[in-house]
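S.K.: Have a look at this one before I ask anything.
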Amino acid sequence: MRQSSYYFTRLMMTTLLFALFFIGANAQSTISGTITDDSDTPLIGATVYIVELGKGVATDVNGQYSIDVPPGTYTMEVNYIGFGSVTRQVTADGAQSMSIALGSDNLALDEVIVTGTFSSRSQKDSPISMSYLSGVQLRQLAASSQADVLRTVPGITAEGGGGEIASNIFVRGMPSGGQYQFTPLQVDGLPVLSTFGLNSSAHDVYFRNDIGIRNLEFVRGGASTLFGAGSVAGIINYTSVTGSNNPKNAVQLEWAQGGRLKTDFLASGPLNETTFYAFSGMYRYDNGPLETGLPTRGHQIRGNVKKLFNNGNSSFTLSGQYIDDNVQFYLPYPLANADDARERPIGNDGETVYTMLTGQARDFSFDTPNGRFHTPIGDGVTTDGGYLMMDLKHAFGDGWRLASKAKAANYDHWFNLFLDGDGSHNTPEAQADYLADRGLPADATFTYADNGAQLASGDLLFENRVLDRQRPMEEMVGEVNLTKTIGEHNITVGTFMANTKAADNNWIWNFVGDFSNSPRVVGITYTDSLGVDQTYSTDGFINGRQTSNRYHESTKTAVYVAEEYKGDRFNFDIGVRVERADGKISRETGVGSNTFQKGTVSATDFAIAAAGLYKVSNELNVYANASRGYFFPELRGVKFSTPGEPQTYETEGIVQGEIGAKYAQSRLSATGALFLVALSDRRTVDFVNDGSGGVIEEVFVQSTRTVGAELGANFNAAPGLDIYGNFTFQDHQFTKVEGNDEQVGNWLRRQPKIMGMAGVRYSGSGFDANLSGNFLGKKFGNDSNTVELDAFSIVRLDAGYTIPLGDSESLRLGVAVFNLLDSAGITEGSPRQGNSQIGGGEYFVGRPILPRRIFIRAGFNF
């Protein structure tokens, strides 16, 4: 699929370049003015956005703006981070002046959102729970992974100890192994991947954040069932910067401990009066965040070209991405567990052990039925490919609007990782114990492969496995909807379609090294009873095999009908979605056997959602929503009853309800919600040790129930100074566990019942700073609740000073610190050990938070 990815990428770039010449002209009017705060201080970089045209500009160093539009009447929205949005109707016919003063609102309740709705409206007026993060906030939060961003959102448990990709995301106590099973990751309104469960790769392996992101909107709750891929828990939607009449360019340079070098860029502006462009991307080289001897590097380029036509009534946006990136993924490893301390251990060399990944294991190869296999573990998790997306919008007149999107994606993807032990012992072993447990002679010799020196007699050994997984993916996805506005009603009819194909080919192999940070591999030789020299470990390598050759394909087709009513005091939403999923399964029963289990499955289900909001006053809105939804089981978890006959493929039902309130005035904004989530007959798929050194996918059927509360608040304590925070309580438990009735009433694994965050933000006189801390309460590492994981906190700091370099030009020098207090809290135990893991013993296999890391940044804006 690499060759098809190459041709796909060439097509994408050719089409984007062609779009640069798609130009035209229309008669124009001008709207201009000044944007200030309550004290009449000009706001630099405030966004002035024309809703009907989908275009906007930023204010200059004097707070002034000017935007050219075709003659007509428009809705103009003005936004600035830390302030409430303002919406105005403006008629443009020649030159029109419009100056506006903004008040503070760091929760962005007045921010206009586009996710979870068929018409633009503010967070405050939406009868569902939402969170909004601006591009500035995203850059402050970014350190390593999506988890760094998402752990700030109420109701989300986000684990990022694995590194830059494959963050584990849990929402409102729903059972999963993490990834994005209940919360699709979207970019510009379409999912990065529309079907989860063709393999276990998380959605974030296909996408990296860069400074070309305009904002993030997270919609949680049942209403999100109606939109796009039909999420049952929420939608994470990143919106890209698009060009405007005012050119905007930025370059950010970043240095960090561990040899990290990263460059981000953004270039946007007009091609002519009706055509605009925006391109962004990043390049990164990194030896960290943990020292492994396996450096990572890669790049991503994204871009879009937007054309306005039909006097501003139509727009066409062509966007694309190309990514060629590799990162390392960190799994749990043995921690010192004296007195249940669960601390990073001390290795044979007297130094702290942070990881069992090692560059000395990167060159091994072995024979398989399909030929010689050379491990790509040195590359870690690799993604090479991209997407091409088209977005057409048209306002017909008389209240009719058409919106359509289509995307083609193709990725050559490998997910290669070091596991957490040999599947049997999983902890460091004394040399004598290692030999005895494997039936080897007691006088065997242990030598370091790098210099031939023998191990000291007291040095420990650690045998580990590497799992190499080839997972190419391609997808076609589209959505079309038609909306009719009748007075205060918006009625929408639409359809969503997706076809996704993915392979899952696995190789697993064992090697042995000493017990130290980034271990040195060890050769083991002995003389047998016949006096013949034998080799058990060749420079560390023991054995390897290919374990699977699988292919899954999913086709989804959905239709939906929704109405949004917006009155003076009441807003109502109601919608219905019907969807059919068809799946194809092909699995070789023995690698190289040329015999396959093949079958097809299908299921159809419906979702219904209703929501209402009442405007108690100008400051306070109250709302409620309820939904009945569904989740299609993961195709990788479907077993075969008999050859050619897959087991039943029944949908998993979910019922949700929520009541809440949203409050915003000049200095204080707050949200609160009570929620209920009940999930029935969920097929949870886990990777667990098979007892003989391999890993298998095990399926558990579970039902769960969660009731909880979410609170969020921001207080403007003084000009430029804000205090903010959120709190989540979620009482989750199993209500049914097939085959394990004793687990009914247990907590769901890896999810706390209490979590929250608090922070303080300041901006003024060129200086800005943000200090925040996340707290996660205790949780359990497995469903049997035999492994309790202690509560922990993560503190982060971001600060900088902006130096003006000229009109609308500046340099920001900044420093950011992830995990400021260097917490070593444990995010998870060993999923491979599952319910068999215990909390005691000399060692505990777990994954700590990544250690403290300091970033230095220089950002140019011009």
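The values are calculated or read from the model by the stated rules, or taken from the named source; none is laboratory data. The model shown is predicted, which means the values in this text are computed figures rather than measured ones. Counting neighbours? That spans all protein chains shown, and the Cβs are built from the backbone with ideal geometry, glycine included. Just so you know, the surface numbers come from the protein's heavy atoms only, side chains and all, with ligands and any DNA or RNA stripped out. Shrake-Rupley method; radii C 1.70, N 1.55, O 1.52, S 1.80 Å.
S.K.: Among the lysines, select those whose C-alpha is under 18 Å from the C-alpha of K598, and discard any that sit fewer than 8 residues away in the same chain.
M.R.: Those lysines meeting the cut-off are K501, K584, K639.
S.K.: Against the 2.2 N^0.38 Å scaling, with N counting residues, where does segment 352-418 land? I'd like the Cα-based Rg ratio to two decimal places.
M.R.: 2.11
S.K.: Moving on to the next point. Express in whole angstrom the spacing between the alpha-carbon centres of segment 186-261 and segment 333-375.
M.R.: Answer, in whole Å: 32.
S.K.: Please list, in chain and number order, the residues 5+ apart from N543 or on another chain whose amide H is under 5 Å from its amide H, with Hs placed from the backbone.
M.R.: Distant-sequence amide H within range of N543: N510.
S.K.: Right, here's the next one. Just report the Cα centroid separation between segment 812-862 and segment 455-479, whole Å.
M.R.: 19
S.K.: Let me ask you something else. Sorted by mean Cβ packing within 10 Å, highest first, what order do the peptides 611-623, 191-203, 840-852 take?
M.R.: Ranked by mean Cβ neighbours within 10 Å, highest first: 191-203, 840-852, 611-623.
S.K.: What ranking do 591-598, 334-341 get when scored by the average of other Cβ atoms within 10 Å per residue, highest first?
M.R.: Descending mean neighbour count gives 334-341, 591-598.
S.K.: Now, a different point. By how many nm would the segment from M390 to T642 grow when fully extended, if each residue of separation counts as 0.36 nm and the alpha-carbon distance is taken off?
M.R.: Separation in residues times 0.36 nm, less the Cα-Cα distance, equals 86.4 nm.
S.K.: Whole number in Å², please: accessible area per residue of the chain, 1.4 Å probe, ligands, DNA and RNA not counted.
M.R.: 37
S.K.: Another one. Pop a pseudo-label 7 angstrom from the Cα along the beta-carbon direction at both D450 and S314 and give the gap in nm to one decimal.
M.R.: Here the answer is 6.4 nm between the modelled labels.
S.K.: Within segment 753-782, name every residue whose backbone N is under 11 Å away from a label modeled 7 Å from Cα of E619 along the Cβ vector.
M.R.: Nothing falls inside the zone, counting backbone N under 11 Å.
S.K.: Cross-link partners among aspartates and glutamates for K556, C-alpha distance below 12 Å, same-chain residues fewer than 8 apart left out?
M.R.: E475, E479, E579, D582, D605
S.K.: Which of the GluC sites (Glu not before Pro) found in segment 451-503 are loop residues per DSSP with 16 or fewer other Cβ atoms within 10 Å of their Cβ?
M.R.: When the GluC sites (Glu not before Pro) of segment 451-503 are filtered for loop state and at most 16 Cβ neighbours within 10 Å, E488 remain.
S.K.: I'd like the projected area of segment 612-733, averaged over all directions, using the convex hull of its alpha carbons. Report it in nm² with one decimal.
M.R.: 12.3
S.K.: Let me ask something else. Considering the options S404, G371, G385, tell which one lies farthest towards the positive end of the dipole of segment 362-415, charges being +1 on Lys and Arg and -1 on Asp and Glu at the Cβ, about the Cα centre.
M.R.: It is S404, whose Cα lies furthest towards the positive end.
S.K.: Using unit Cβ charges (K, R positive; D, E negative) and no other charged atoms, how large, in debye to the nearest 20, is the dipole of the chain about its Cα centre?
M.R.: Computed charge dipole of the chain: roughly 1940 debye.
S.K.: Moving on to the next point. Just need the relative contact order of segment 611-706 here, percent rounded to a whole number, with Cα pairs under 8 Å and 6+ apart.
M.R.: Normalised by residue count, the contact order of segment 611-706 is 23 percent.
S.K.: Just to confirm a number: summing +1 for Lys and Arg and -1 for Asp and Glu over residues other than A610 whose beta-carbon lies under 12 angstrom from that of A610, what do you get?
M.R.: So the surrounding residues net to -3.
S.K.: Which ³J(HN,Hα) values, rounded to whole Hz and listed in residue order, are derived for segment 509-519 from phi using the Karplus coefficients 6.51, -1.76 and 1.60 in 6.51 cos²θ - 1.76 cosθ + 1.60 with θ = phi - 60°, glycine and proline given as x?
M.R.: 8, 10, 8, 10, x, 7, 9, 7, 5, 6, x
S.K.: Shifting gears a bit: Quick check: the angle from helix 2-19's long axis to the longest principal axis of the chain, C-alpha only, nearest 10 degrees?
M.R.: Once rounded, one gets 10 degrees.
S.K.: Are there trypsin sites (Lys or Arg not before Pro) in segment 698-784 that DSSP marks as loop and that have at most 15 other Cβ atoms within 10 Å, and which are they?
M.R.: K778
S.K.: Can you list, bin by bin at 10 Å, the percent of alpha carbon pairs in the chain, starting at 0?
M.R.: 2, 12, 22, 26, 20, 10, 5, 2, 0, 0, 0
S.K.: While we're looking at this one, here's another question. Accessible area of the chain with a 1.4 Å probe: how many percent of it is carbon plus sulfur?
M.R.: That fraction is 55 percent.
S.K.: Multiply the residue separation of M497 and F687 by 0.36 nm, subtract the distance between their alpha-carbon atoms, and state the gained length in nm to one decimal.
M.R.: Residue separation times 0.36 nm, minus the Cα-Cα distance, leaves 65.4 nm.
S.K.: List the lysines whose Cα lies under 28 Å from the Cα of K753, skipping any in the same chain that are fewer than 8 positions away.
M.R.: K124, K662, K736, K778, K779
S.K.: Mind checking which of G708, N416, P71 is farthest towards the positive end of the chain's charge dipole, using Cβ charges of +1 (Lys, Arg) and -1 (Asp, Glu) about the Cα centre?
M.R.: Positive-most Cα among the choices belongs to P71.
S.K.: With the dipole of segment 335-464 worked out from charges on the C-beta (+1 for Lys and Arg, -1 for Asp and Glu) around the Cα centre, which of T447, L460, T358 lies farthest toward the positive end?
M.R.: Value computed over the given set: T358.
S.K.: Per DSSP H run of at least 4 residues, take -39500 (n - 2.57); add these up for the chain, divide by its residues and hand me the 222 nm value, nearest 500 deg cm²/dmol.
M.R.: That calculation yields -1000 deg cm²/dmol at 222 nm.
S.K.: Determine the order of H489, H394, H732 by accessible area, beginning with the largest, at a probe radius of 1.4 Å.
M.R.: Output order, biggest surface exposure first: H489, H394, H732.
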